[in-house]
Amino acid sequence: MELNERNQLSVSQRRLTKRIIKLTAEAVTDFGMIQDGDKVLVAMSGGKDSFVLLEALKTLQARAPIDFSLVAVNIHQHIPQFPVETLRTYLEDCGVPYHIEDQDTYSIIQRLIPDGQNVCSLCSRLRRGILYRVADELGCTKIALGHHMDDIVSTFLLNVFYGGRLKGMPPILRSDDGRHVVIRPLAYVREYETEKMAKIRNYPLIGKGLCGAGENKKRTELKALIRQWDRECPGRVYNIFMSMKRVSPSHLMDSGIYDFETFTRRSVDARQTSDEVQKASAP
Ligand code: SF4
């Protein structure tokens with residue numbers, strides 16, 4: 001079913017659909033995420049956000065004044081009970097070229113990480129490496145991930161609360177080796193909107209928790225806090241998100257980006273994080 005398929009949707013459902021497309025288009029434009037000729041790898045985990053991402057990009061592709069192509073990619077990690085054929089059927093039907101990369105990372109993780117220890121960090125690194133390699137093999141110029149505003153805000157808060165640093169999850173990011181560009185076209189979309197969209201579209205969602213890792217406790221707490229703010233202080237999450245777009249280095253304390261001796265902003269080339277500055281000046 002196409003996102004712009006109007007007649008089966010109620011007015012409020014059509015409004016939500018339109019809003020998600022509009023917000024996705026705005027984020028793509030604001031951060032120059034997709035250019036003419038790009039081939040975008042769309043990471044499909046089987047979760048709600050990845051389905052929304054694929055449909056939104058597919059709709060934008062049909063409407064955009066530029067030419068770009070899409071390829072949906074799922075990594076088949078051999079997680080027990082993962083219904084890879086359900087996802088394959090969906091991708092087959094939706095008409096976007098797709099690739100399922102068979103990589104048994106589940107066994108690697110089971111072998112390397114002792115029982116009871118956190119597996120997500122290794123799993124994420126393995127998946128990221130596989131996505132980069134598959135992007136190269138498929139000739140993709142961008143890698144689109146389904147992170148939304150709530151992911152960006154909770155990552156920002158996690159870094160502030162537990163890491164002691166102002167650092168978020170950017171809508172567009174070049175990999176450390178400069179060879180890959182990761183984009184997050186749903187950056188302006190709220191999680192409750194992807195949840196509603198998933199219900200409306202009746203996506204064949206693949207449930208969380210099949211890997212047995214459980215939820216990250218700190219992230220779960222922050223998501224609960226975000227939901228509480230939404231109920232009690234509407235607008236707060238949006239304001240936190242907007243604060244990442246309106247930074248005043250002279251009113252913070254990072255001498256890597258603001259020179260407090262000359263009261264000038266450092267040039268981009270000279271910019272270092274405070275950690276790097278401290279490291280460089282350490283005895
Ligand atoms: S929740 Fe499961 S699939 Fe997701 S990163 Fe953790 S181990 Fe990997």
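The values are calculated or read from the model by the stated rules, or taken from the named source; none is laboratory data. It should be emphasised that the depicted structure is a prediction, and the values quoted were computed from it without experimental measurement. Neighbour counts are summed over all protein chains in view; Cβ atoms, including those assigned to glycine, are modelled from backbone coordinates with ideal geometry.
Would you tally the residues in the stretch 232-251 being in a loop (DSSP other than H, G, I, E, B) and within 24 Å of Arg266 (Cβ to Cβ)? Let's see the steps before the verdict.
Taking the stretch 232-251 first, the residues in a loop (DSSP other than H, G, I, E, B) are 233-235, 244-248.
Still in the list and also within 24 Å of Arg266 (Cβ to Cβ): 244-248.
Looking only at that region, the number is 5.
Please go through the stretch 199-211 and give me each residue that is within 8 Å of the ligand (Cβ to nearest atom) and under 18 Å from the mean Cα position of the chain (by Cα), ordered by number.
Scanning the stretch 199-211 gives a single hit, Lys208.
Under the condition of being among the polar types (S, T, N, Q) and in a helix (DSSP H, G or I), which residue from the stretch 208-231 is nearest to His147 (Cα to Cα)?
Here the residue is Thr220.
Can you tell me which residue is nearest to Leu205 (Cα to Cα) among those in the stretch 73-92 that are among the polar types (S, T, N, Q) and part of a loop (DSSP other than H, G, I, E, B)?
Gln81
Of the residues in the stretch 172-199, how many are under 13 Å from Asp49 (Cα atoms) and not aromatic (Phe, Trp, Tyr)?
14
Search the stretch 196-219 for residues that are farther than 17 Å from Arg88 by Cα and pair each with any residue that is within 11 Å of the ligand (Cβ to nearest atom) and not in a helix (DSSP H, G or I) when their beta-carbon atoms are under 6 Å apart and the residues are at least 6 apart or on different chains.
Qualifying pairs under 6 Å: Leu210/Ile79; Leu210/Phe82; Cys211/Ile79; Ala213/Val119.
Could you tell me which residue of the stretch 170-198 is nearest to the ligand (Cβ to nearest atom), considering only residues that are under 17 Å from the mean Cα position of the chain (by Cα), in a loop (DSSP other than H, G, I, E, B) and among the basic types (Lys, Arg)?
Arg184
For the stretch 46-98, name all the residues that are surrounded by fewer than 16 Cβ atoms within 10 Å (Cβ to Cβ), out of contact with any strand residue (DSSP E or B) (no Cβ under 9 Å at 6 or more places or on another chain), within 26 Å of Arg190 (Cα to Cα) and small (Gly, Ala, Ser).
Ala62, Ala64
Take Arg174 and decide whether it is farther than 30 Å from Met253 by Cα, surrounded by fewer than 20 Cβ atoms within 10 Å (Cβ to Cβ) and basic (Lys, Arg).
Details: farther than 30 Å from Met253 by Cα: no; surrounded by fewer than 20 Cβ atoms within 10 Å (Cβ to Cβ): yes; basic (Lys, Arg): yes.
Criteria not met by Arg174.
Within the stretch 94-127, track down each residue that is basic (Lys, Arg) and either touching a Gly at 6+ places or on another chain (Cβ under 9 Å) or farther than 24 Å from Lys58 by Cβ (or both).
Arg111, Arg125
Restricting to the stretch 212-236, and then to whatever is in contact with a helix residue (DSSP H, G or I) (Cβ under 7 Å, 6 or more places away or on another chain) and within 12 Å of the ligand (Cβ to nearest atom), can you tell me which residue is nearest to Gly46 (Cα to Cα)? So that I can check it myself, show each step before the final result.
Initially, the stretch 212-236 is screened for residues in contact with a helix residue (DSSP H, G or I) (Cβ under 7 Å, 6 or more places away or on another chain), giving 213, 216, 218-219, 222-223, 226, 229-230, 236.
Among the residues that remain, those that are also within 12 Å of the ligand (Cβ to nearest atom) are: 213, 216, 219.
Details: Ala213: 16, Asn216: 19, Arg219: 20 Å.
Step by step, filter the stretch 212-236, then rank; the result is Ala213.
Being assigned to a loop (DSSP other than H, G, I, E, B) and within 24 Å of the chain's Cα centre (by Cα) is the filter here; which residues of the stretch 93-115 pass it?
First pass over the stretch 93-115, keeping only residues assigned to a loop (DSSP other than H, G, I, E, B): 95-97, 103-104, 113-115.
Residues satisfying the conditions are Gly95, Val96, Pro97, Gln103, Asp104.
In the stretch 53-72, which residues are touching a residue at least 12 places away in the same chain (Cβ under 8 Å) and not in a helix (DSSP H, G or I)?
Across the stretch 53-72, the qualifying residues are Ala64, Ile66, Asp67, Phe68, Ser69, Leu70, Val71, Ala72.
Which of the residues belonging to the stretch 108-129 are within 10 Å of the ligand (Cβ to nearest atom) and at pLDDT below 90?
If the condition is that a residue be within 10 Å of the ligand (Cβ to nearest atom) and at pLDDT below 90, then Ile113, Asn118, Val119, Cys120, Ser121 are the ones that fit.
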